[in-house]
1. To the nearest 100 Å², how much accessible surface do chains D and B cover up together, summed over both, with a 1.4 Å probe?
2. Hey, for A:Lys2 with labels 7 Å out along Cα-Cβ, what do the inter-copy distances come to in nm, ordered shortest first?
3. I'd like the projected area of the protein assembly as shown, averaged over all directions, using the convex hull of its alpha carbons. Report it in nm² with one decimal.
4. Just to be sure I understand: with springs between alpha-carbon atoms less than 10 Å apart, which residue in C:Phe165, C:Phe29, C:Phe76 has the highest mean-square fluctuation in the Gaussian network model of chain C?
5. Sort C:Lys239, B:Lys248 by accessible area with a 1.4 Å probe, largest first.
6. Given 10 Å bins starting at zero, what is the percent of C-alpha pairs of the range D:255-303 in each, up to the one with the largest pair distance?
7. Taking the label point as lying 7 angstrom from Cα along the Cα-to-Cβ axis, what are the distances from A:Gly302 to the corresponding position in the remaining copies, in ascending order and in nanometres?
8. Extending each Cα 7 Å along its Cβ direction at B:Tyr55 and B:Glu314, get the distance between those two points in nm, one decimal.
4 protein chains.
Amino acid sequence: MKKIAVFTSGGDSPGMNACVRAVVRTAIFKGLEVYGIYRGYEGMIEGDIKRMYSYSVSNIIQRGGTVLKSARSMEFKTPEGRKKAYDNLVAHGIEGIVAIGGDGTFTGAKIFQEEFGIPTVGCPGTIDNDIYGTDYTIGFDTAVNTALAAIDKIRDTAAAHDRIFFIEVMGRDAGFIAVDCGIGGGAEFVMVPETKTDLSMVVKSLKNLRKSKSSSIVVVAEGDEEGNAEAIMQKVKEKINDKEKDFKVTTLGHIQRGGSPTAKDRVLGSLCGMAAVEGLLEGRMNCMAGVMNQEIVYTPFGDCIGKEKPLNKEHLKLMEILSI
Amino acid sequence: MKKIAVFTSGGDSPGMNACVRAVVRTAIFKGLEVYGIYRGYEGMIEGDIKRMYSYSVSNIIQRGGTVLKSARSMEFKTPEGRKKAYDNLVAHGIEGIVAIGGDGTFTGAKIFQEEFGIPTVGCPGTIDNDIYGTDYTIGFDTAVNTALAAIDKIRDTAAAHDRIFFIEVMGRDAGFIAVDCGIGGGAEFVMVPETKTDLSMVVKSLKNLRKSKSSSIVVVAEGDEEGNAEAIMQKVKEKINDKEKDFKVTTLGHIQRGGSPTAKDRVLGSLCGMAAVEGLLEGRMNCMAGVMNQEIVYTPFGDCIGKEKPLNKEHLKLMEILSI
Amino acid sequence: MKKIAVFTSGGDSPGMNACVRAVVRTAIFKGLEVYGIYRGYEGMIEGDIKRMYSYSVSNIIQRGGTVLKSARSMEFKTPEGRKKAYDNLVAHGIEGIVAIGGDGTFTGAKIFQEEFGIPTVGCPGTIDNDIYGTDYTIGFDTAVNTALAAIDKIRDTAAAHDRIFFIEVMGRDAGFIAVDCGIGGGAEFVMVPETKTDLSMVVKSLKNLRKSKSSSIVVVAEGDEEGNAEAIMQKVKEKINDKEKDFKVTTLGHIQRGGSPTAKDRVLGSLCGMAAVEGLLEGRMNCMAGVMNQEIVYTPFGDCIGKEKPLNKEHLKLMEILSI
Amino acid sequence: MKKIAVFTSGGDSPGMNACVRAVVRTAIFKGLEVYGIYRGYEGMIEGDIKRMYSYSVSNIIQRGGTVLKSARSMEFKTPEGRKKAYDNLVAHGIEGIVAIGGDGTFTGAKIFQEEFGIPTVGCPGTIDNDIYGTDYTIGFDTAVNTALAAIDKIRDTAAAHDRIFFIEVMGRDAGFIAVDCGIGGGAEFVMVPETKTDLSMVVKSLKNLRKSKSSSIVVVAEGDEEGNAEAIMQKVKEKINDKEKDFKVTTLGHIQRGGSPTAKDRVLGSLCGMAAVEGLLEGRMNCMAGVMNQEIVYTPFGDCIGKEKPLNKEHLKLMEILSI
């Protein structure tokens, strides 16, 4: 293998730049030529591909977003689109690919590799942490800390006014961000897609809470089965039916995707990037490089996409105890 | 004058604690007894009043929110409510008041003082900066920096995906936060209540912008006459009518009210608190202590409430030039 | 077991408050009475012990430092001192202890327990991460992020002036902070106590680096065998002997001990606190509650103190590759 | 005037990039060609000059440091060096200059302009705030907030251990940073070059303080006439001579020069940059564009360099009152 390429795809996450940097520098360290593909599969189809050097990735490790940009590509879902992409890679002499992204990215990579045989190793870049094969995904730690800093600020004003705040964090299919924000933010309740939300218990507790606590924080993952934070607040408000109580909603939104990555995400992004290149050189393909139990591990794309990653049970237990 | 009281009222703002601390310590420094009234006019009516000491305000200067809490009081709008409040103050022997808050707080203080004659000096505590008689209000600088940090994060993800983001910041009646966020955040447009928003020009520019720039930020003050960020985005989206363009909305919300105050807000809060106590001792009343052109000034409550505070024209000019 | 006590000891670390909170609330949740001992062993000897309630630990999870304070106690190293401490615990009816701290804390706890038989479970509270029996210590993640934020700032000015900066981070016996800061901060070199520092290679590389890079960052753990950052800088400067090159030193110092804990440290502190109480109730003693491979584990104090915890080899490899 | 150039010189400060951006975009807005000179006077002599476009300054407003780099030039102090610099400007057809920096920068600019007649307008870029002709310098607000955040962290650990901390902040000739950090950080004492430091009073107070307060913060400007923080701590320690008291020193150092600029510094940098270009077009020269009392003002370089800028008296009074 002489030439490899790297791209980012799907929702961007903090630490993707650290990962791109590690891919580029490891490749150069190992004597490879390395190319950056811009805007994910879209750029692969359009031939938006450039040679990268060590200095191309200087001074980016601390930046949010991705210097390679990201996009969604409908065309890559068609055989014609993938053929165009393949032709562009061949034209550049690219023999291996590092794909940084999440479920969608790996699904595309799996099909592409099976069709055209160019070895691909993935890196888990998503804030949601819902990828099997790695303890944490690149961007998760930053997203949690960003959300937590926001919750800390909201608690200031919640406490000043004795309010009940429903705060919506990202997580369409997974409650990892919500649970860690709930524990770290000292929330009274956390509602996540993985567990049944019992609104009547929440209502009961919020009624009681007022005796000892003056303000309350409820963290809601956007994908909770009872609805988003606004919907849940309305249901709770109706049932509590107490004009004295002051309910507010804040949806944290896209601030959770940006910002300078935390140390954890820079280190994790760097480790996965290094491991992906080493994996390609060892002949690996169709798999993702992740970190489990402090060791680098490679997991087949099929498992990354298909297997479920459950919430940590100790964390769920903590939530129950600490909100007393 | 031997005994004074201090309270916070209306929406809380970062730096209120610095102000409370300065009131308490200046009062003690000057040989006065000082009391804290909890939850603003509500606590005044309910007699929720406690003696404060130097240590009562230790280690609070860096905290958001207000240790004295805040509330809205319907009862204080009635003569009966105000009479109760007066009786409580008399019972504690309180001869002067420092009221930290905004328009509503000063309106209440003005009426109360005219009815019962207890001298009151105000301090401008609100994030909106829309109070005449001070260059800046306590909390404004922190709110702008909080919103700006959020905009910086959003720009990361906006740039990664070539998106157009409409970001709503606080400011129901005033565009101060929006303008400074717009300049500081490198926004393409800023929409504020004070100026007519020309959507057709925005549409035209956003269409053109795509040639040179890949992502755009539009900052919207919540009180813009064209609606909130969501409403404005929908209008713009319809008129641009280009499926390639990706529009997103983020409403920053209550994070702007909390958080550790900036240096500016701690210093300003401290200066106003000190000046309010000194003002009371000099026989001032029915006025607010503010800082203009680096000097402490006292402005009659009537002017604080009634006179308009215009946006800085140089800032508006900057917005036009820098978004090219 | 009906009554337990908790204390913090040794150098404080961010997340200790989260841990105290978890101990208190878990104890109450389990039906125990819980007491706080102030200033570690010193307070135990002086009888500075207070009952704690759920609200005693409200609104502290986000705070640096420790509400129970910390101190070093010479007297506890004497049998007389420990006897006094024991008498105070007996007087309060305390039957179990949670000790939050590091090596020194556990050494004291081990002796005390062996002498007087009160069961003690520890929690790993130190920024240095050098305790066997837990993947991370409480405070490490915050310290790394604080140091990293400082390094990011220094890189701004290093780059503006083409300077070589030697930055000293904490770590008298261990290089964990230095290594993660080096990777995350994009440092050219990291010097740690665990590995032999080859200054001649550093000199050679810094001479060469100038061709492609204009500024350089060298991260030095305070305990490196070649000396502190100032000493190492002087040695390197002499050997390079190039007046064109501009060398600077910054010692980050005690900022690394304070600050609001990161999400990781709040969650880890909470988990360990909960586990310590559960451990006591299960009859455990003379051991520390930590988290390894995402599971709660209990490790005998003897191992925590005596066994070495090596740096992660993948991290060391990364450092070599990424500084090219 | 058709072509102008901009450079940064002296110690870098956060907000310089915002200023460069405003110069470039205002120049283009006004129909001028604009050039960037790299590394200040050094680059002017070496001809390191490049055309700048609107996109050259995209996405830099939020970055610390300066994209134009900075350096000190001995050669510019010689007539030969300045002649070379002039020839390079003539070769590029440059008819006007914006010089961003401090005292040294303006001294050079004044001489150069008097010798060669190319009009120059300055912008006040330095963290020290010690330039006459502007209420604040670009970078001051960020430096104060950075130092304050560090002091907040140190207070956490100071409080946990009942320590007395001497914290050294930047300010060789001026105490502006120290005073605002002292007020904002709730320091017990502030020592600055402008006022005589009375160590015996400090010693006396620190002895007394222990009765009511357990920890203390003393902020020292690096240029205090009693020495740096380490020296002052040693003197105080000797005089107090109490082994129970635990003294520590932290020198914040170069972190104060870097980091993402605050809103204030971004807006101020932008205003000054715009005003400098407008000034050149109005025929101004040999002067600095600053902001006083919320208005743009132009002050002759001679006054900027020669006139003293005193500390704000209200701030000094505050220090005295609030440390009780």
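The values are calculated or read from the model by the stated rules, or taken from the named source; none is laboratory data. Quick caveat: nothing in here was measured; it's all calculated off a predicted structure. Cβ sites come from the backbone with ideal geometry, for glycine too, and all protein chains shown count toward neighbours. SASA here: full protein model, heavy atoms, side chains in, ligands and nucleic acids out. Shrake-Rupley method; radii C 1.70, N 1.55, O 1.52, S 1.80 Å.
1. Chains D and B together bury roughly 4100 Å² of accessible area.
2. Shortest to longest, the spacings are 5.0, 8.2, 9.6 nm.
3. The Cα convex hull of the protein assembly as shown, projected and averaged over all directions, gives 46.7 nm².
4. Comparing C:Phe165, C:Phe29, C:Phe76 in a Gaussian network model of chain C, the most mobile one is C:Phe29.
5. Of C:Lys239, B:Lys248, the descending order of accessible area is C:Lys239, B:Lys248.
6. 25, 45, 25, 5
7. Nearest first, the other copies' label points are 4.9, 8.4, 8.5 nm away.
8. 4.8 nm
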